[in-house]
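Okay, so here's the structure we're looking at.
The values are calculated or read from the model by the stated rules, or taken from the named source; none is laboratory data. These figures come from a predicted structure and were not determined experimentally. Please note: Cβ atoms are built from the backbone with ideal geometry, for glycine as well, and neighbour counts cover all protein chains shown.
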């Protein structure tokens, strides 16, 4: 008999025995999914997790992560996408059409606003920016073309914590769908669905991944019809995530509560320390008294609630922007870089006036955002102290 090594290797009949169990989920990577027969191929429904049809529609690995994230967010369904911005885009593209309007908080994640100003505008979808701290302003802006309102708690740079329930209530009174970016809360600080949001998204890139080495996002729902609508867009856009990236997030999830609390504890310690520094005009951290929206955070998360590892500092205006830049450059443990939620502490100076509506920002000094990693707080404080010397 003629040897056929390629065919023999590809179609080898051995299958490992069932019953293998380990702490970590197995990693399945596939574009093609094999069917037992034509009837199975034609009968398989990719819209629900009853089976497998194609890699983009799910594997045992992605299904496990989707179910765990849905549970984390107190939702019922979850879709995985390649980034947090892709999660926002999936919602926008699914729920908005030419002639519709979307409302964004003025302190929204910058790329979400850029998407509204770019592609959505080109497709005939308009947008407005509302004051996230003023439900009455949101009510005034909701019109007959409004189809979607985005919520974010807190603002990802300026850290104001909005009155979420009041904002959602204003939308529900008008029958408007709400989508909450809950990346900061990570499903731990508060329950977005309990606040009334229809959709909750996260950048899993941040705290769920925890390593600064994965790009991924999610869209979580509780309503089956809404989920299917979002999933149809997900299919048509061809969103997919790699099995190895899913494995990394799955591996990190068990330590998420421990890491989140560690980030939170260290960030509060450093934020309080900054409050006593003469170089600083304002510290922006939802859990600190005097920070915009502190009472909203306390009402939602509790006096002893969680508050992530982010805070921003507004320096006194006597410190010119170039000197604040020099302070950032002088940091040794804090690295210059976007994103947050990983083990390395990060710092970024922002030109807030270019990001906000005219007259909406009350401070004159330069703002710097800090993401506190997992280094010892004492070491980070020493780093900040030495870098502040460049301000004079």
Look at segment 335-385 and say how many of its residues are within 15 Å of residue 313 (Cα to Cα) and in contact with a strand residue (DSSP E or B) (Cβ under 6 Å, 6 or more places away or on another chain). 14
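Criterion first (outside the structural domain of residue 384 (by TED's automatic domain parsing), crowded, with 21+ Cβ neighbours inside 10 Å and farther than 18 Å from residue 340 by Cβ) does residue 300 satisfy it?
no
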For residue 292, which of the numbered conditions (1) within 30 Å of residue 177 (Cβ to Cβ); (2) assigned by TED's automatic domain parsing to the domain that holds residue 156; (3) assigned to a loop (DSSP other than H, G, I, E, B) fails to hold? (2)
For residue 287: the one exception among (1) surrounded by fewer than 22 Cβ atoms within 10 Å (Cβ to Cβ); (2) closer than 26 Å to residue 252 by Cβ; (3) under 22 Å from the mean Cα position of the chain (by Cα); (4) at pLDDT 95 or above: (1)
Please state which of the following conditions residue 139 fails to meet, knowing it meets all the rest: (1) surrounded by 14 or more Cβ atoms within 10 Å (Cβ to Cβ); (2) outside any helix (DSSP H, G or I). (2)
Would a scan of segment 344-356 turn up a residue that is modelled with pLDDT of 95 or more, under 22 Å from residue 206 (Cβ atoms) and part of a loop (DSSP other than H, G, I, E, B)? yes
Does residue 178 count as buried (at least 22 other Cβ atoms within 10 Å of the Cβ) and within 18 Å of residue 92 (Cβ to Cβ)? yes
Only residues that are assigned to a loop (DSSP other than H, G, I, E, B), in contact (Cβ under 8 Å) with a residue 12 or more places away in the chain and either more than 17 Å from the chain's Cα centre (by Cα) or within 16 Å of residue 295 (Cα to Cα) (or both): list them for segment 142-157, please. 142, 143, 145, 153, 154, 155
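Yes or no: residue 372 in contact with a helix residue (DSSP H, G or I) (Cβ under 9 Å, 6 or more places away or on another chain) and either crowded, with 18+ Cβ neighbours inside 10 Å or at positive phi (or both)?
Judged against the criteria, residue 372 is a match.
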Which of (1) in contact with a strand residue (DSSP E or B) (Cβ under 6 Å, 6 or more places away or on another chain); (2) crowded, with 24+ Cβ neighbours inside 10 Å does residue 184 not meet, given it meets every other one? (1)
Is there a residue being outside the structural domain of residue 184 (by TED's automatic domain parsing) and on the phi > 0 side of the Ramachandran plot anywhere in segment 234-251? no
